[in-house]
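A short write-up of the structure that comes next.
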Amino acid sequence: HQKGKVGYEILKNMIDAGYEGKIFPVNPKAQPIEGLECYPDLKSIGQTPDLVIVIVPAKLVPAIMQQCADVGTKSVIIITAGFKETGKEGNALEKQVTRIAGKAGIRIIGPNCLGVIAPANKVNASFGGALPAVGSIGYLSQSGALLTAILDMANANDIGFSKLVSIGNKADVDELDVIEALAEDNQTKVIAGYLESITNGNQFVRQAERISHDKPILLIKSGGTDAGAKAASSHTGSLAGAEAAYESAFERAGIFRCSSIKQQFNYAQAFAYQPLAAGARVAVITNAGGPGIMAADAIERQGLTFAKLTEKTITKLSSKLPPAANLYNPVDVLGDALADRYEFALDVVLDDPNVDIIIILLTPQAMTEPAATAEAIVQMTKERPNKPVLTCFLGAGKIKEGVRILRRGNIPQIDAVEGAVETARVMADYARWRSRPKRVVKLFPVNRRKVENIIDRHLRHGTREVAENESKEILEAYGFVTPKGSIATTAEQAAGIAEQLGFPVVLKIWSPDILHKSDVDGVQIGLSGAKAAKDAFDLMMYRIPKKVPNAHILGVLVQEMCRGGREVILGMKRDPHFGPLMMFGMGGTMVEVLKDVSFYLAPLTGEEAKQMLISTKTYKMLKGVRGQEGVDIDAIAEGLQRLSQLVTEFAQIQELDINPYVVGPEGTTPIAVDARISIEQV
């Protein structure tokens, strides 16, 4: 009943929004509220509400949910806080509520949420302030407080929404449910949101990938932590934290991850109100040289193409622009340009077949007409809605009216040159993502039975770490080549094996308790004689037990030495949300220092495997620099695909490193020199 109370504010917001259906206030102390009859409980209403909004103390919510079940209501929004976000008792209370709802077939949004807003339907079932304008952006948020800030910001900038949903604790309806609903909503052209967690990673990626093809998805994702990586035993595990998993999942699904609300609004307005870009060729129209040069620099940095205007376009521009104007890209209409000059340049550039996206820059000089120019741009884009047009009116007071006209005319106005170019890049990326070929994952002939036997044997004995020799047997079953070698338990054996293999050889300490052998001087390379092999064996067996007194040392692996080639690392860490996360990077002991690595979710296509290579700094070196011969890129990509197949087919494998994976010139066979695998029962 009281102003300032959440329940009253939500009721008032529903009334002020002009909701055209029936509203039934419910309160045990039933008295009329804002001219509406109030009921003591749901049963007293005498009809079944389509939606019940619950704003009562947490301990009373189960009883209210039972009332909803009794009257047959199927949709409930629980605004009330005090559930699992508060701890063990709150979690038990939340489970009690969801049990009642589940039995009755009731869907719940919340608890601990701001509510739901549908501007076109005049529904403001929230305490988030005034009803925003009608628009094409669907928004979901795990944070109610952030949603209030977004609403305030949107209302101040004439940004409209189709739906806004605060999902709170996600006791029932989660982020994927809302995204799927927005995908089917005809009023929504672009889906945006703020998330702190994802409920079902694999399902989220599959469905988001399908939805992204028709509607762009723009998400702010916070709350990522790499704390879990600290406990990892492999190089890949220590590098592949939660952030890497989310980045890879979003990339696979075609989701654009935004770093700020401002950036997200820039992208959302462009996708909501402009046609999709056909490609990445950008033309710039400006009335000042400086901003034009800034745009050109930003276009190059963002990996876009600076559009080459056709001779026909240049001839047309020269017919009306002043002699001092720049007719090439960026098209400089000069500081004295009035609205008609901008209109003419835009009309001509829109016709150019070499242009996919247009960015219009304006600085408020003495002769400039920001408002009239804005009106001309709005009118031109209504008449010619075939290419996306982004504006960047620079300044403040003098451009204020022009900015208002642009925003009300659904032209994305971005207040920084770099932001405008970044938005153009996202539009171009989306066009490329939509036109990508269908994903085809190659399956190689392998020996699954051999891998099953090794893994089963380790699990029966409760051994998590697979020894190097058996890790290599697993890799060999999937088509990898490994160096020849045998275990020695005496110095004489080491020398004998070395002579059989041929010099030079490598000696490695053999212990299930020593994962990173180099850390304890457990690797000796380039041994070129029987005496050197004996001495290396004796030295290891003398020093290492002192360094790692509790380690169970079984002997020393004597292995042929790989000569030449580049060392890279192939790896995998199984993410708890998204499954196997593949890694590629520069190999050797410096991998965790240099951190020149890339990640992608398995299973991998050939193109995705190659893209993992390309996205590292190591790639240029692998291709060959300064006269050095490059390595076989396709062979590395195939290795990643084979590894991807292995970890996809065996969910027991939790972490895996092949480090180093030595690759030579095209036509040579890569060698998995060292490997380690961690497994768990699933």
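Coordinate-derived values only; no laboratory data. Please read all numbers here as calculations on a predicted model, not as lab measurements. Note that we place each Cβ from the backbone using ideal geometry, even for glycine, and neighbour counts take in every protein chain shown.
General observations
- Among the listed options [x] 41, 32, 21; [y] 105, 24, 20; [z] 55, 40, 18, the one matching semi-axes √(5λ) of the Cα gyration tensor in Å as calculated from these coordinates is [z].
- Mean Cβ count within 10 Å, highest first, over the residues of peptides 284-296, 68-80: 284-296, 68-80
- The trypsin sites (Lys or Arg not before Pro) found in the stretch 381-462 that occupy coil by DSSP, while having at most 10 further C-beta atoms within 10 Å, are K438.
- Pairwise Lys count, the stretch 448-560 - Cα closer than 20 Å, eight or more residues apart or different chains: 17
- DSSP loop GluC sites (Glu not before Pro) with at most 16 other Cβ within 10 Å: longest gap in the chain: 197-628
- Count Lys and Arg as plus one, Asp and Glu as minus one, and take only other residues whose Cβ is under 15 Å from that of E422; the net charge is then -1.
- For the stretch 113-159 and the stretch 38-53, distance of Cα centres in Å: 26
- For V333, net neighbour charge (Lys/Arg +1, Asp/Glu -1) across residues whose Cβ lies under 13 Å away: -4
- Across K12/K163; K262/K573; K262/K382; K103/K573, pairs whose alpha-carbon gap is larger than 31 Å: K262/K573; K103/K573
- Based on DSSP H segments of at least four residues, each scored -39500 (n - 2.57), the chain has a per-residue ellipticity at 222 nm of -12000 deg cm²/dmol.
- Translational diffusion coefficient (Stokes-Einstein; Kirkwood radius from C-alpha pairs) of the stretch 448-560 at 37 °C, 0.692 mPa s, in µm²/s: 223
- Cα-based reach from K95 at 14 Å (exclusive), listing aspartates and glutamates while leaving out same-chain residues under 8 positions away: E85, D172
- Ascending count of other beta-carbon atoms within 10 Å, so fewest first, for Y328, Y600: Y328, Y600
- Note on the stretch 643-682: the alpha carbon radius of gyration divided by the globular reference 2.2 N^0.38 Å gives 1.42.
- Rough spin-label spacing in nm, given labels placed 7 Å along Cα→Cβ, for Q628 and Q203: 4.9
- Dividing the convex hull volume of the alpha carbon atoms of the stretch 566-679 by its residue count gives 96 Å³ per residue.
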